[in-house]
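Peer 1: Take a look at this one; I'll ask things after.
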Amino acid sequence: MLTRYVYLRLKAERRAERDGLVAQARELLTPLPMVRSFKAGTPADEGAERAWDICFEIRLDDLAAVDLWQTDPIHRDYVDNTLKPCVEVKKAWNFEV
């Protein structure tokens, strides 16, 4: 089992869309078949707020599931057409848990 962490900093002019982006991610990405659990959130303190706007925590079985996740058409559409125009910086890491 692994957890993929994704951190996003939005473009300043798109920060007002943050809650909507999180809600849309939860709705679209949680039901994907390779996803064991999906969480999306916003900063809880000032330090996090200065660095990031959104965090995704995706639980998957293994790295093969990450490949499926990254190529899934629903995920790709959300990333390419919804997130990409809004995001200034993206960082993602996979951890065995």
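Bear in mind these aren't lab numbers, they're just calculated from the coordinates by the rules spelled out. None of these values were measured; they are calculated from a predicted model. Please note: Cβ atoms are built from the backbone with ideal geometry, for glycine as well, and neighbour counts cover all protein chains shown.
Peer 1: At 7 Å along the Cα-to-beta-carbon direction for both Asp62 and Val89, put a label point, then send me their distance in nm to one decimal.
Peer 2: 3.5
Peer 1: How about the stretch 1-79: which chymotrypsin sites (Phe, Trp or Tyr not before Pro) there are in a DSSP loop, with at most 14 other Cβ atoms within 10 Å of their Cβ?
Peer 2: Qualifying residues, ordered by number: none.
Peer 1: Among Pro43, Leu29, Asn94, whose Cα lies farthest out toward the positive end of the dipole of the chain, if unit charges sit on the beta carbon of Lys, Arg (+1) and Asp, Glu (-1)?
Peer 2: Projecting each Cα onto the dipole axis, the largest value belongs to Pro43.
Peer 1: Dipole magnitude of the stretch 2-91 about its Cα centre, charges +1 at Lys/Arg Cβ and -1 at Asp/Glu Cβ only, in debye to the nearest 20?
Peer 2: Around 120 debye, computed over the stretch 2-91.
Peer 1: Something else now. Over the chain, what is the relative contact order in percent, taking alpha-carbon pairs closer than 8 angstrom and at least six residues apart?
Peer 2: 49
Peer 1: I need the shape label for the stretch 2-91. Rule: rounded when a/c is under 1.5, else prolate if a/b > b/c, else oblate, with a, b, c from the alpha carbon gyration tensor.
Peer 2: prolate
Peer 1: Hey, fewest Cβ within 10 Å first, where do Met1, Met34 land in order?
Peer 2: Arranged by neighbour count, lowest to highest, Met1, Met34 become Met1, Met34.
Peer 1: Let me ask something additional. What does the helix-only formula give at 222 nm for the chain: each DSSP H stretch with n ≥ 4 adding -39500 (n - 2.57), the total divided by the residues, and the result rounded to the nearest 500 deg cm²/dmol?
Peer 2: Calculated at 222 nm, the ellipticity per residue is -9000 deg cm²/dmol.
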